[in-house]
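The structure that follows is given in the form of structure tokens.
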Amino acid sequence: MANATTTPATLTSADAARAIYLDFEGFTNEAPALLGVLVDGCFETLVLDPVLRPAAKARGLRVADGAAALRGIVERARLENRRICAFGKRECEAALEDFGVDLGDRFVNVQPLAKRWWKRNHTERPARRRGRKARFKSRGYCLEFFETGFGLERKAHLKSGNATKRLRGVRDALIKREGDWSRLTGPAKSKWTKLLDYNEVDVRNLARVTAAVSVER
């Protein structure tokens, strides 16, 4: 298995500019349902869950086989000498465990790289929760911490915490309506739009954070 915790001490600005950025959306302990991909500033959502096919068609999105899509990404990264970047280990682990694709030495976990860069250059640290609500631990050096630190935009309705709920709402509604997108309610369709927007913001801001913590060489 690829060592998803391994990441270079630094990433060059050239590598950051040319990297392939990935972000999955899905349920815990299930194969991811969506994959957001950003390359050279062009973003695409790949719908991996067949149940979501009608929702994908409604938005003109591509329904893809996860294993085939990831193999294509790895092959492109190899042929074009690009890095594959994600925030955290999940993308690397899910690629292997759920789709049988090893992202290999092309993969970069940006989170520890960004954390090291931040601690070298800033004194601000993630807030710690105390008192009665201490059980709700700080998310630490999460993507939103770096978004705030670098002044990156994220609209209030696209904050973290609602992605799984929105995905479940759309998926359940499609199952209930036997896959007929036209029969979904406005709120259900809105959940799909917000989920897609959330995923794109995650990927684009990941790329911006990576660029900010990369180095000239």
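The values are calculated or read from the model by the stated rules, or taken from the named source; none is laboratory data. It should be emphasised that the depicted structure is a prediction, and the values quoted were computed from it without experimental measurement. Cβ: placed from backbone, ideal geometry, glycine included. Neighbour counts: every protein chain shown. Protein only, heavy atoms only, side chains kept; ligands, DNA and RNA dropped before computing areas. Shrake-Rupley method; radii C 1.70, N 1.55, O 1.52, S 1.80 Å.
How much accessible area per residue does the chain have, in Å², with a 1.4 Å probe?
54 Å²
Now for a separate question. How far is it, in nm, from the label point at A17 to the one at S190 when both lie 7 Å from their Cα along the line to the Cβ?
Going by the 7 Å Cα→Cβ label model, 4.2 nm.
Right, here's the next one. What does the extension gain come out to for E153 and A211, with contour length at 0.36 nm per residue minus their alpha carbon separation?
19.3 nm
Next question, about the same structure. I'd like the carbon and sulfur percentage of the solvent accessible area for the chain, probe radius 1.4 Å, heavy atoms only, ligands and nucleic acids excluded.
So the carbon and sulfur contribution to the accessible surface is 47 percent.
Using only the Cα atoms of the range 136-177, build the gyration tensor, take square roots of its eigenvalues as a ≥ b ≥ c, and label the shape rounded, prolate or oblate: rounded if a/c is under 1.5, else prolate if a/b is larger than b/c, else oblate.
prolate
What residues have an amide H closer than 5 Å to that of F43, excluding those fewer than 5 places away on the same chain, when H is modeled at 1.01 Å from N in the peptide plane?
none
Could you size up the charge dipole of the chain around its Cα centre, putting +1 on the beta carbon of Lys and Arg and -1 on that of Asp and Glu, and report it in debye to the nearest 20?
Roughly 1260 debye, rounded to the nearest 20.
Restricting to Cα pairs below 8 Å that are 6+ residues apart, what does the relative contact order work out to for the chain? Please round to a whole percent.
Computed over the chain, the figure is 28 percent.
Still on this structure, please answer the following. Can you compute the radius of gyration and Dmax for the chain, using only the Cα atoms, both in Å?
When restricted to Cα atoms, the chain yields Rg and Dmax of 17.9, 55 Å.
For A9 and E93, calculate 0.36 nm times their separation in residues minus their Cα-Cα distance, and state this gained length in nm to one decimal.
Once the chain is fully extended between A9 and E93, it gains 28.2 nm.
Place the peptides 52-63, 191-202 in order of packing, highest mean first, counting for every residue the other Cβ atoms within 10 Å and averaging per peptide.
My ranking of the peptides, most packed first, is 191-202, 52-63.
Quick one: which residues, 5 or more positions from I20 or on another chain, have an amide H under 5 Å from its amide H? H modelled 1.01 Å from N in the peptide plane, none for Pro or chain starts.
Sorted by chain and number, the residues that satisfy this are R83, I84, C85.
Oh, and also: What is the set of long-range amide H partners of G88 at a cut-off below 5 Å, with H atoms built 1.01 Å from backbone N?
V110, Q111
Among T123, T12, T45, whose mean-square fluctuation peaks in a Gaussian network model of the chain (Cα, cutoff 10 Å)?
T123
Starting from the Cα-Cα distance between R59 and F27, subtract it from 0.36 nm times their residue separation and give me the gain in nm to one decimal.
9.4 nm
What helices in the chain pass both tests, a Cα length along the helix axis of 30 Å or more and a mean Kyte hydropathy of -0.5 or higher, using whole DSSP H runs?
Helices meeting the criterion: 186-213.
Enumerate the calculated ³J(HN,Hα) couplings along the range 51-65 in order (Karplus 6.51 cos²θ - 1.76 cosθ + 1.60, θ = phi - 60°), each rounded to whole Hz, writing x wherever the residue is Gly or Pro.
Per residue, the Karplus-derived 3J(HN,Hα) values read 4, 8, 3, x, 5, 5, 4, 5, 10, x, 9, 8, 8, 10, 6 Hz.
Between H122 and R76, what is the FRET efficiency for a Förster distance of 30 Å, r being their Cβ-Cβ separation, to the nearest 0.05?
Working from the Cβ atoms, E equals 0.30.
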